[in-house]
Amino acid sequence: MEFLVATAIGAMTAAGVYLVLRARTFPVIIGLTLLTYATNLFLFATGRLAVNLPPVISADAAAYTDPLPQALVLTAIVISFGMTAVIVVMSLRAYLETGNDHVDLPGDASPEAREDDWKLLGRKQGEPAARAAAGLEERA
Amino acid sequence: MSLVLIVLLPFVGALLPALMIRAGRNACATSTFTFTLLAFALLLSHAPAVFRGEVVQAGWDWLPALGLNANFFLDGLGFFFAGLILGIGLLIIVYARFYLAKDDPMGSFYTYLLLFQGAMVGIVLSDNILLLLVFWELTSLSSFLLIGYWKHLPEGRQGARMALAVTGAGGLAMIAGMLILGDIAGSYNLTDILQHKDAIQASPLYLPALLLILAGCFTKSAQFPFHFWLPHAMAAPTPVSAYLHSATMVKAGLFLMARMWPVLAGTVEWFYIVATTGLITMLVGAVIALFKDDLKGLLAFSTVSHLGLVTMLLGFGTPMAAVAAVFHILNHATFKAALFMNAGIIDHEAGTRDIKRLGGLLHLMPVTATLAMVAAASMAGLPPLNGFLSKEMMLHEAAATAWLGNGWVVPALATLAACFSVAYSLRYIVHVFFGPQRSDYPHTPHDPPAGLWLPPALLVVLVVLIGLLPATVAGPLVAVVAQAVIGGALPDYHLALWHGVNIALALSVVAVVVGLGALHAYPRVRAVWQAGPHPEAKAMFDAVMAAALALAQRVTHGLHNGSLQRYLAFAIGAMTLAGFATFIGASHEAGTRELLPAEPVAVVAWLLLLGGCVLTVMFFRQRLLSVLVVGTVGLIVCVAFIYLSAPDLALTQISVEVTTVILILLALYFLPKASPLSSTVSADPLRHLRDGVLALIAGGGMGLVSWAMLTRDGSSLSTYYLENSVSGGGGTNVVNVILVDFRGFDTFGEIIVLGIAALAIYALLDGALHGRVARRLSAWTPDLPVSVDRHPIIMVVATRVMLPLALLVGAYIFLRGHNQPGGGFIAALVVSIALIMQYMASGFGWAAQRVRVNYHAMIGAGVLIAAGTGIASMVLDRPFLTSAFDHFHLPLVGEFELASAMAFDTGVFLTVVGAVMLALANLSRMGRLTGQRPVNRTAMDVDPSMGMSKEHN
């Protein structure tokens, strides 16, 4: 059982890391979700594994599993939900603002960033890069 | 405690000018004056004790673990400097009131001035050297504001920046020096450090500490080669120059050298570093001052020269020289502040302070001229003024000092500097006030209002009085200050005008004669000067700064190219490296803990999970697919929680899972449904290879760590929680008791975070409902086939039927949470899902009409209820969030238990529901903007609450 959990943590971490390093916001969100699973499972596992020993006090229970990691992970799950929600909405807003769901700023070094897949109406190819450049000039 | 108040009053006063300026410039100046006067009066109230030789102490522990305590002490030296700072401060405040023009923002001026004043007083009264450093940095910052006060002048901004860069850099060096010093002495309190002379001077770290501390002192006091910032700081308004460069900022370095004199001085290193620097500075400053045409420039270099003089005297390391140094600090402060204000008057009234455009002002500005002549004569060191007295003492000490065994170097150079000093001082008189009247002054010069000339006049009176009656007027003060500097017995000295014919008098006469000669032949002397090289410090400084900036930019842009992918790769790479660095060092073979058998069901789940991971990676471009697959992975994690005795986690995980998937799907409605082709492996194989390798290493590492951990036994605090859950928290579900009771404070913080996250989401989405984005959204056409049936009747009916059931389940989970798996979090998520289903099935408009809850208020109420539960226990004299519970008996219902944790859990419940609903409801609100598609008129699109007939009309 321990082997299964350890390898599952490893697999989810690897998949999460790979996706987090992608260039578009959506895979990054998915990657973060996977990393969250991995981290939560890892934290949970610090209490070691136990079957049929829930930490609910009762007269006929022989032993209990460690409740502390569970409480911490419960908090972690809820907090990571909050984080995921913020990131999802941020990526949505960024996409609506720029017409591009690349994780880098338009006009940045990465050639991928310049490519536009704006699907909303009234928009021409190449416009965001030009507008971003104009914005930079204004700031300078 | 009034000692602490002396330091605090200016800071408190600094809050007022910005408000008082609304009541007029006089009110503004008066409030500033009053606070300074109060501080000054408090200081004077300690005078009797100080003159009795007592040391007044006050303060409290601030961060005792770091040795940082807010301790202040007042001895002769601190009293003297604080008196200079506050006394001259009073004069400057009056002077500035009349000096500043109508359109100068006076409120901010006085605020900066008081900040600076408070910081200076803090330096001179601090007992703790760490506290002193804080004030030291504060003077750098506040003087930056003061020097750059005229923001519209590029010279002002550049001067301020230069002063900040130079004094700030010195301050950084000094921090290191002070830390070393405190380490040697074993205490950061000055009063302790000053007792450890032998230990400090014997320490191998004495020289590094000395060099670092001197770097701070020399930069602050504009000693060669750091003198260049001071003349550029002259771009400040004259009151600032008069304040900063006569009595305060530049004296801070001298103060510190005097303060540390008992423990640092007297060594060979001290003598050669400090005395030599002082000597060079004195000479260089005096020479350059003679050739400055700008009155303030002349005074600035003169200040540099006089600071050098005092530094040299302190560097001599003899008690007698220390007395002379103290006396000269006093004298310099009086005549130099008067002269700066005088230069300001000339600038103000004649419209220029360029000596070449001035001359013949004697009859036009008789009062100004008289004051200038007395003060400048004192600066020249002419009898019977105070400058003469201390200069005599300086020459006397210089004549007795050998440098590398050579007896004439110091006196000769000191006398040479004195010659130049005489020459530039007299030039200030002769070239400005004498000579023919001109017709081309920018303004017609006349004497200023009394507010401008009275402050310098007061100082000039002091100049004369100290000169005539030194022993009476300044004697006691010099004695008590010198006592504090020397820290031992005072030498035998005598403050008097006439000491008989001696070497000092002879050198003085030489200086006056040569100085007069130089002024007489000024054009020729100047021609010689002009022919020589003039290294321009500002150009060098600018070049150094430009080079540093270019280097910083190259490094920064080289590393930070704006690509999140790169940053994340670096961050993950670094974390992985750090993880492996410790992992490889430790033993990481499998441990000996008895393992659980792997049931076939578990293996199947494990295979599913691995398959899910592989699928998400392979098909990450197909976004809908990846959401589904990742949801499956989440479900398996949830099943694992159930299997591994964590029912609470499983419940939370599944409800969070559902909420997250709903959220992602709502967002995906607008986002592109697939990543572009450029994201495929073949488009950039190298990047994918790099990421793949990184991912495998990171994942492998996590797997190995988990394996190593899971195969070993560990110790845990959990026995405490298991034993005390029922007796202390009144609940049998230990996880829930930990959340709402033992670690309730964590949970309290967590719901606040969740509330903030929801508000951030609201802000992000609300912003998208207006302006450009909203226009785009309304012109948006869905990129997926859309069902003609907007509100499928089966879904509508099912969700509506489920709503009360789901609410009931929520209530049940909530109520049993303390004793069985469940609780506020899970209940809140269940209720949120039920509610959000209504939005999804029946549309935002329909749901929003019926759910008339302000989610913002709900979040706030939740946090307040949770906080209220905590505070209630404080009212009962228990620590925050201590819980109480009792058992009650109700007929029919039977025995039941009420715990205060239940109220806390209610707060959690409300916050979580509010947060989730605020986020999801606003996301679904965006859907409304996406075009006005025709409402389907089929029977399916029925709002049952409206009745069928209306829909068919």
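Things worth noting here:
- The set of residues in segment B:644-671 being over 30 Å from A:Ile57 (Cβ atoms) and free of Cβ contacts under 8 Å to residues at least 60 places away in the same chain consists of B:Thr660, B:Val661, B:Ile664, B:Leu665, B:Leu668, B:Leu671.
- Criterion: part of a helix (DSSP H, G or I), surrounded by fewer than 16 Cβ atoms within 10 Å (Cβ to Cβ) and more than 7 Å from chain A (Cβ to nearest Cβ) - qualifying residue of B:Ala758, B:Ala763: B:Ala763
- Checking each residue in segment A:52-73 for being assigned to a helix (DSSP H, G or I) and at the interface with chain B (Cβ under 7 Å from one of its Cβ atoms) picks out A:Pro67, A:Leu68, A:Gln70, A:Ala71, A:Val73.
- Scanning segment A:79-90 for residues that are more than 7 Å from chain B (Cβ to nearest Cβ) and polar (S, T, N, Q) turns up just one, A:Ser80.
- Once segment B:738-748 is narrowed to residues that are within 9 Å of chain A (Cβ to nearest Cβ) and assigned to a helix (DSSP H, G or I), the residue that is surrounded by the most Cβ atoms within 10 Å (Cβ to Cβ) is B:Leu739.
- Residues of segment B:688-703 satisfying the condition of being surrounded by fewer than 18 Cβ atoms within 10 Å (Cβ to Cβ) and touching a residue at least 60 places away in the same chain (Cβ under 8 Å): B:Arg690
- Remark: A:Ala14 matches the filter, which requires a residue to be within 7 Å of chain B (Cβ to nearest Cβ) and either at pLDDT 90 or above or under 14 Å from B:Val633 (Cβ atoms) (or both).
- Filtering segment B:583-612 to residues that are farther than 11 Å from B:Thr711 by Cβ and either small (Gly, Ala, Ser) or at pLDDT below 85 (or both) leaves B:Phe583, B:Ile584, B:Gly585, B:Ala586, B:Ser587, B:Ala598, B:Ala602, B:Ala605, B:Gly611, B:Gly612.
- Screening B:Leu815, B:Leu805, B:Leu829 for residues that are closer than 28 Å to A:Val56 by Cβ, modelled with pLDDT under 90 and hydrophobic (A, V, I, L, M, F, W, C) leaves exactly one candidate, B:Leu815.
- Options B:Asp492, B:Asp440; residue that is under 26 Å from B:Tyr99 (Cβ atoms) and charged (D, E, K, R): B:Asp440
- When segment A:30-51 is filtered for residues that are at the interface with chain B (Cβ under 7 Å from one of its Cβ atoms), surrounded by fewer than 20 Cβ atoms within 10 Å (Cβ to Cβ) and touching a helix residue (DSSP H, G or I) at 6+ places or on another chain (Cβ under 9 Å), the ones remaining, listed by number, are A:Thr46, A:Val51.
- Enumerated helices (runs of 4 or more DSSP H) restricted to segment B:789-881, each holding at least 2 residues that are closer than 24 Å to B:Val737 by Cβ: B:793-816, B:824-842, B:855-875
- Condition met for B:Asp905 (at pLDDT 85 or above, out of contact with any Leu (no Cβ under 7 Å at 6 or more places or on another chain) and charged (D, E, K, R)): yes
- The sole residue among B:Leu389, B:Leu385, B:Leu362, B:Leu339 that is surrounded by fewer than 24 Cβ atoms within 10 Å (Cβ to Cβ) and either over 40 Å from the mean Cα position of the chain (by Cα) or under 30 Å from B:Ala101 (Cβ atoms) (or both) is B:Leu362.
- Odd one out for B:Arg593 among (1) among the basic types (Lys, Arg); (2) over 30 Å from B:Asp783 (Cβ atoms); (3) crowded, with 19+ Cβ neighbours inside 10 Å: (3)
The rows are residues; the columns are (1) within 8 Å of another protein chain (Cβ to nearest Cβ); (2) in contact (Cβ under 8 Å) with a residue 12 or more places away in the chain.
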position	(1), (2)
B:Gly585	no, no
B:Glu589	no, yes
B:Val614	yes, no
B:Met618	no, no
B:Gly631	no, yes
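- With respect to the stated conditions, B:Ala598 is of a type in the set (Gly, Ala, Ser), at the interface with another protein chain (Cβ under 9 Å from one of its Cβ atoms) and either free of Cβ contacts under 8 Å to residues at least 24 places away in the same chain or not in a helix (DSSP H, G or I) (or both).
- Checking A:Ala76 against (1) touching a Leu at 6+ places or on another chain (Cβ under 8 Å); (2) facing another protein chain (nearest Cβ under 7 Å), the condition it does not meet: (2)
- Enumeration of residues in segment B:1-54 that are of a type in the set (S, T, N, Q) and surrounded by 14 or more Cβ atoms within 10 Å (Cβ to Cβ): B:Ser2, B:Thr30, B:Ser31, B:Thr32, B:Thr34, B:Thr36
- Selection within segment B:775-797 - farther than 23 Å from B:Gln838 by Cβ and either away from chain A (no Cβ under 14 Å) or of a type in the set (Gly, Ala, Ser) (or both): B:Ser778, B:Ala779, B:Pro785
- Lone qualifier among B:Ala209, B:Ala252, B:Ala289, B:Ala275 - being touching a residue at least 60 places away in the same chain (Cβ under 8 Å) and in contact with a Leu (Cβ under 6 Å, 6 or more places away or on another chain): B:Ala289
The values are calculated or read from the model by the stated rules, or taken from the named source; none is laboratory data. Keep in mind that this is a model prediction, so the values were computed, not measured. As a convention, Cβ positions derive from the backbone with ideal geometry for all residues, glycine included, and neighbour counts pool all protein chains shown.
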